[in-house]
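Student: The structure's right below; bear with me while I get my questions together.
The values are calculated or read from the model by the stated rules, or taken from the named source; none is laboratory data. Here the structure is a predicted model, which means the values were calculated and not measured. When we count neighbours, we look across all protein chains shown, and the Cβ atoms used for this are built from the backbone with ideal geometry, even at glycine. Surface areas here come from the heavy atoms of the whole protein model, side chains and all, with no ligands, DNA or RNA. Shrake-Rupley method; radii C 1.70, N 1.55, O 1.52, S 1.80 Å.
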Amino acid sequence: MRPVVIVGVGELAQLAHYYLVKDSPRQVVGFTVDESYLESSEFAGLPLVSFDRIQEKFPPDDFDLFVAIGYSNLNAARAQKCANAKDLGYRLASYISSRASVWPDLTVGDNCFIMEGTLIQPFVKIGNNVIIWCGGLISHHVEIADNCFIASGAIISGGVKIEANCFIGVNATVRQHVTIGRNCIVGAGALILKDAPTETGYLAGETKNSGIPSRRLQSLL
């Protein structure tokens, strides 16, 4: 496998660097950001270069990229940078944690990141540029389209289809054979029991303050 340059210097980039170094055969050799974000010549002890000049330092014939940008604008920023990288001739690396439970014939696209504790059942198809955080369940025959973000502990039941550019929040649950339309947000703890139309959002209610001091509640623990 070719060495990898990580796009980004935020928390996700730090995590990607750690996971790739500690839990993959890939060698991380540098980082890159747009010129306007370039405040140093190195990051995490490795060279940091402008994306505009990345081909000079890390030519696409010798290096792969991983775009480590979060879910802002429904993953649009990450998707755009993936497109920019491919336009320059780069291949995009994917990572599946050795501590995730997956079957060897899992279909995964480019620039995917699947973290530890995730359980993925057979006949799942995952598109390009999908991030699946730790501890969730992706059940059988699920299809996840490009540019999605699945947060920690999400439960995606069998036969669900998640269309492109969606965000599924922490501990959200999607019932079997439901379709989540493009550009949807399913917030933390939400329960989806029927198809979600394109560009809709679902937010679960916040747990209310009981109004009872904790010292009076401790007997219930």
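Student: What is the one condition in (1) under 29 Å from Ala85 (Cα atoms); (2) of a type in the set (Lys, Arg); (3) touching a Leu at 6+ places or on another chain (Cβ under 6 Å) that Lys161 does not satisfy?
Tutor: (3)
Student: If I ask for residues that are open to solvent by 60 Å² or more (accessible area, probe 1.4 Å) and either closer than 15 Å to Gly159 by Cα or among the β-branched types (Val, Ile, Thr) (or both), which ones from the stretch 89-118 would you list?
Tutor: Within the stretch 89-118, Ile96, Thr107 qualify.
Student: Go through (1) of a type outside the set (S, T, N, Q); (2) without any contact (Cβ under 8 Å) to a residue 24 or more places away in the chain; (3) within 17 Å of Met1 (Cα to Cα); (4) open to solvent by 60 Å² or more (accessible area, probe 1.4 Å) and name the single condition Pro25 misses.
Tutor: Result: Pro25 passes all but (2).
Matching residues to (1) under 22 Å from the mean Cα position of the chain (by Cα); (2) in a loop (DSSP other than H, G, I, E, B):
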site: Pro47; (1), (2): no, no
site: Glu56; (1), (2): no, no
site: Pro59; (1), (2): no, yes
site: Phe66; (1), (2): yes, no
site: Ile69; (1), (2): yes, yes
site: Ala76; (1), (2): yes, no
site: Lys81; (1), (2): yes, no
site: Lys86; (1), (2): yes, no
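Student: Just to be sure I understand, how many residues within the stretch 180-192 are closer than 22 Å to Gly135 by Cα and open to solvent by 40 Å² or more (accessible area, probe 1.4 Å)?
Tutor: Summing the residues that are closer than 22 Å to Gly135 by Cα and open to solvent by 40 Å² or more (accessible area, probe 1.4 Å) in the stretch 180-192 gives 4.
Student: Okay, next question. Among the residues of the stretch 3-40, write down those that are in a strand (DSSP E or B) and among the aromatic types (Phe, Trp, Tyr).
Tutor: Residue satisfying the conditions is Phe31 alone.
Student: Exactly one of (1) outside any loop (DSSP other than H, G, I, E, B); (2) small (Gly, Ala, Ser); (3) within 21 Å of Ser72 (Cβ to Cβ) is unmet by Ser219. Its number?
Tutor: (3)
Student: Another question, if that's okay. Please verify whether the stretch 127-147 includes one or more residues that are open to solvent by less than 20 Å² (accessible area, probe 1.4 Å), at positive phi and part of a loop (DSSP other than H, G, I, E, B). Show your work before the answer.
Tutor: Taking the stretch 127-147 as the starting set, the residues that turn out to be open to solvent by less than 20 Å² (accessible area, probe 1.4 Å) are 127, 129-132, 136, 138-139, 142, 144.
Adding the requirement that they be at positive phi leaves 129.
Pick out the ones that are also part of a loop (DSSP other than H, G, I, E, B) and you get 129.
Yes, some residue in the stretch 127-147 is open to solvent by less than 20 Å² (accessible area, probe 1.4 Å), at positive phi and part of a loop (DSSP other than H, G, I, E, B).
Student: A further question on this structure: Would you be able to tell me the number of residues in the stretch 28-71 that are among the small types (Gly, Ala, Ser), exposed (fewer than 15 other Cβ atoms within 10 Å of the Cβ) and either in contact with a Leu (Cβ under 7 Å, 6 or more places away or on another chain) or at positive phi (or both)?
Tutor: Looking only at that region, the number is 3.
Student: Looking at (1) open to solvent by less than 40 Å² (accessible area, probe 1.4 Å); (2) over 21 Å from Tyr71 (Cα atoms), find the lone condition where Asp195 falls short.
Tutor: (1)
Student: Which condition number does Glu206 fail, the rest of (1) open to solvent by 70 Å² or more (accessible area, probe 1.4 Å); (2) within 28 Å of Gln80 (Cβ to Cβ) being met?
Tutor: (2) is the only condition that Glu206 fails.
Student: Just to verify a result, which residue in the stretch 7-22, among those that are of a type in the set (A, V, I, L, M, F, W, C) and under 19 Å from Glu116 (Cβ atoms), is surrounded by the fewest Cβ atoms within 10 Å (Cβ to Cβ)?
Tutor: Val21
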